[in-house]
Amino acid sequence: MKYLSTRGRAPVLEFGDVLLAGLASDGGLYVPEEWPAQEPLTFDASYPDTAASVMAPYVAPTLGAHELRAMVDEAYATFGHPDVCPVRPLDDGLWLLELFWGPTIAFKDVALQLVGRLFDHELARRGERATIVVATSGDTGSAAIEACRGRRALDIVVLHPAGRVSDVQRRQMTTVDEPNVHNVAVDGTFDDCQDLVKAMFADAAFRDGVSLSAMNSINWARVMAQVVYYVTAARTVGAGDPVAFSVPTGNFGNVFAGWVARRTGTPISQLVVGSNSNDILTRWLRSGVMEKTGVHPTISPSMDIQVSSNAERLLFELYDRNPDLLADRMAAFRDEGRVDTGSTRLASVTEVFDGAAFDDDATCAEIRRTFEATGVVLDPHSAVGVAAARAARRDPDVPMVCLATAHPAKFPDAVEQAIGVRPELPEHLADLLERPERFDELPADLATLQAYVRAAVGA
Ligand SMILES: *Cc1c(COP(=O)(O)O)cnc(C)c1O
């Protein structure tokens, strides 16, 4: 498989290069040159069987079947459920696909547990090392740390704003006792942390000196790993008949993986995009105009985004894979904060996509409604998905799978406020509040941070 940039001005690459590059050099996102047809799978295929089969065409020739399978087996052995991503029934023909059985109890583990191993393997093969630097407002930091911990070719440095992440979020990062994991509490805000990371990437001498790299959500390998649970869930729930999905959406990586599953042969009749008050995507699906606004903080913070960067991959398809047209539209969006994709082209998207947005009150109401009807406790992100499923469903006879992207104990305050019950952490995290912490405190100063990173990785 070869990969093209959506903007057409970057070199065509194979999987190993796309993995390590993340963003294309022309500012575009890498996409496969063609969509492979999914090999048929038997109904008793396990999650790792399915994962190996779904991903094989995308990783060739960088990885052979045996190498991929070994990494898949290791990655999903870290999950606390034998089905890895189990589905269970809710009410009204809705189902819940639980993506939170990984080490940090949120869905990013599904991709990152594999991607950490893919990075390590590819770097080792090249005789190279890399330093991952991440700024976090809470959740992505722990998922990235769990992906990198103990990996031999990787160091990870995570910057969080001191005193501005929850106790549980901080402890999920700072109690990881591994020599290649470095946590910094920055005296500043999340924006300061993000600016520091950007400045480190912009400093070419520093970037090359410590081999800076990123595993962010535009990385193709993360999307690829997420296609798998659409295939397993559709098979479990639909048994070959069409199934619909509803997805609480931020950067559009997760629901785009659903589009890829459909494009490559999984029978999916509808994809519902659930948004919180940050509703750029649902407004676009309604009007054909994608327009930026400010970010609104909500009780589903992992979906508090201004721009859904992975939507560029879908726009590339909408513009019939014409990279010049797309690059022109993306430049307009960057300059004007607005792009009109036009109703004719949009029809190819709305044929399968619908959207619905919910504010915090509506999100709490959904947590309450689902709890009263089924006894299932949803986290606020998952509740947005379930609410969107109920609002935008096209055909009540088609089963609708709602993606549960976080365990409710990850957002206990919002859940307690909604139903009066405080969800408990799962067993593997039960003693989190007693574990020793390890982190360094630094000012929000670039030179200080750079010296820290150099010393941490021995560069
Ligand atoms: C990241 C995240 C999302 C959004 O997923 P995207 O792929 O960015 O659309 C939703 N819920 C939770 C809990 C997340 O961590």
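The values are calculated or read from the model by the stated rules, or taken from the named source; none is laboratory data. Quick caveat: nothing in here was measured; it's all calculated off a predicted structure. No Cβ is skipped: glycine too gets one built from the backbone with ideal geometry, and neighbour counts run over all protein chains shown. These accessible areas exclude ligands, DNA and RNA; they are computed on the full protein's heavy atoms, side chains included. Shrake-Rupley method; radii C 1.70, N 1.55, O 1.52, S 1.80 Å.
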Exercise for review: Could you list all residues from region 180-210 that are buried (at least 17 other Cβ atoms within 10 Å of the Cβ) and of a type in the set (A, V, I, L, M, F, W, C)?
Suggested key: Val181, Val184, Ala185, Val186, Phe190, Cys193, Leu196, Val197, Met200, Phe206, Val210
Check your understanding: Under the condition of being of a type in the set (Gly, Ala, Ser) and open to solvent by less than 10 Å² (accessible area, probe 1.4 Å), which residue from region 388-403 is farthest from the ligand (Cβ to nearest atom)?
Key -> Ala389
Exercise for review: Go over the candidates Val415, Val421, Val457 one by one and state the one that is touching a Ser or Thr at 6+ places or on another chain (Cβ under 8 Å) and among the hydrophobic types (A, V, I, L, M, F, W, C).
Suggested key: Val457
Exercise for review: Could you pull out the residue among Asp279, Asp304 that is surrounded by fewer than 24 Cβ atoms within 10 Å (Cβ to Cβ), under 21 Å from Arg338 (Cα atoms) and within 11 Å of the ligand (Cβ to nearest atom)?
Suggested key: Asp304
Practice item. For region 147-179, enumerate the residues that are within 16 Å of the ligand (Cβ to nearest atom) and either open to solvent by 30 Å² or more (accessible area, probe 1.4 Å) or part of a loop (DSSP other than H, G, I, E, B) (or both). Key: Val165, Ser166, Val168
Practice item. Filter region 210-232 for residues that are assigned to a helix (DSSP H, G or I) and within 16 Å of the ligand (Cβ to nearest atom) and give the result. Key: Trp220, Ala221, Arg222, Val223, Met224, Ala225, Gln226, Val227, Val228, Tyr229, Tyr230
Exercise for review: Could you tell me whether Phe119 is of a type outside the set (Val, Ile, Thr), surrounded by 17 or more Cβ atoms within 10 Å (Cβ to Cβ) and not in a helix (DSSP H, G or I)?
Suggested key: no
Study note, to complete from the structure: Among the residues of region 255-276, the number that are part of a helix (DSSP H, G or I) and open to solvent by less than 10 Å² (accessible area, probe 1.4 Å) is 6
**Study point:** Failed item, numbered, when Ala451 is tested on (1) open to solvent by less than 30 Å² (accessible area, probe 1.4 Å); (2) away from the ligand (no atom under 16 Å from the Cβ)
**Key:** (1)
Study note, to complete from the structure: Contact list, first residue from region 301-316 and over 13 Å from Asp279 (Cβ atoms), second anywhere and within 7 Å of the ligand (Cβ to nearest atom) and among the aliphatic types (A, V, I, L, M), beta-carbon distance below 8 Å, six or more apart or interchain, is Ser302/Ala106; Ser302/Ala406
Check your understanding: In the list Ala356, Ala347, which residue meets the criterion of being among the hydrophobic types (A, V, I, L, M, F, W, C), assigned to a helix (DSSP H, G or I), more than 17 Å from Leu96 (Cβ to Cβ) and open to solvent by 10 Å² or more (accessible area, probe 1.4 Å)?
Key -> Ala347
Check your understanding: In region 1-33, what residues are over 14 Å from Pro323 (Cβ atoms) and in a loop (DSSP other than H, G, I, E, B)?
Key -> Met1, Lys2, Glu14, Gly22, Leu23
Review point. Counting only residues that are in a strand (DSSP E or B) and open to solvent by less than 20 Å² (accessible area, probe 1.4 Å), which one in region 58-112 is farthest from the ligand (Cβ to nearest atom)?
Key: Leu94
**Study point:** Residues of region 307-325 satisfying the condition of being open to solvent by less than 20 Å² (accessible area, probe 1.4 Å), aliphatic (A, V, I, L, M) and either away from the ligand (no atom under 16 Å from the Cβ) or in a loop (DSSP other than H, G, I, E, B) (or both)
**Key:** Leu318
**Study point:** Qualifying positions in region 108-128 - in contact (Cβ under 8 Å) with a residue 24 or more places away in the chain and either touching a strand residue (DSSP E or B) at 6+ places or on another chain (Cβ under 7 Å) or small (Gly, Ala, Ser) (or both)
**Key:** Ala111, Gly116, Phe119, Asp120, Leu123, Ala124
Exercise for review: Please work out which one of (1) touching a Leu at 6+ places or on another chain (Cβ under 6 Å); (2) within 21 Å of Met303 (Cβ to Cβ); (3) open to solvent by less than 10 Å² (accessible area, probe 1.4 Å) is the condition Val223 fails and give its number.
Suggested key: (1)
Review point. Do we have Ala406 as within 13 Å of the ligand (Cβ to nearest atom), crowded, with 18+ Cβ neighbours inside 10 Å and at pLDDT 95 or above here?
Key: yes
Practice item. Sort out which residues of region 291-301 are away from the ligand (no atom under 11 Å from the Cβ) and within 21 Å of the chain's Cα centre (by Cα), and write them in order of number. Key: Lys292, Val295, His296, Pro297, Thr298, Ile299
